[in-house]
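The values are calculated or read from the model by the stated rules, or taken from the named source; none is laboratory data. All values reported here derive from a predicted model rather than from experimental measurement. Please note: Cβ atoms are built from the backbone with ideal geometry, for glycine as well, and neighbour counts cover all protein chains shown. Side chains are part of the model used for accessible areas, which takes the heavy atoms of the whole protein and leaves out ligands, DNA and RNA. Shrake-Rupley method; radii C 1.70, N 1.55, O 1.52, S 1.80 Å.
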Amino acid sequence: MWAIIGTVCTGAIISYFEIPPLVKTKCWRETIVFSLLLVVGMTLSILIILNITIPTPMDWVTKLFSPFSSFMDSILS
């Protein structure tokens, strides 16, 4: 529980120092991208803390190409 609180506090501190200069210079796209990446990073960190399995992109590639792979394997063997 403390690790999750620490992660959220760290994200809040980073936001406190990074977002005001972006808003002051009216860099709206950079602010949105920064906020999105920070939220995604914090979410993944919390999921790792909670020992939830996070699928990797390789899992998606394997599921996508496994029918093709088995088809090619049956043809070539």
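Figures for the structure shown
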{"item": "Of the trypsin sites (Lys or Arg not before Pro) in the stretch 2-48, those whose Cβ has at most 13 other Cβ within 10 Å and which sit in DSSP loop", "result": "Lys26"}
{"item": "The chain, accessible surface, carbon-and-sulfur percent (1.4 angstrom probe)", "result": "75 percent"}
{"item": "The chain, helix-only ellipticity at 222 nm - DSSP H runs n ≥ 4, -39,500 (n - 2.57), divided by all residues, nearest 500", "result": "-29500 deg cm²/dmol"}
{"item": "Calculated from backbone phi, Karplus (6.51, -1.76, 1.60) coupling profile of the stretch 65-77 in Hz, x at Gly/Pro", "result": "9, 5, x, 5, 5, 5, 5, 5, 5, 5, 6, 7, 9"}
{"item": "The stretch 22-32 - phi-based ³J(HN,Hα) in whole Hz, Karplus 6.51/-1.76/1.60, Gly and Pro as x", "result": "5, 5, 4, 8, 6, 8, 5, 5, 5, 5, 5"}
{"item": "R0 of 35 Å, Cβ-Cβ distance Leu36-Phe65: FRET efficiency to nearest 0.05", "result": "0.75"}
{"item": "Accessible area per residue, Å², the chain with all protein chains present, probe 1.4 Å", "result": "85 Å²"}
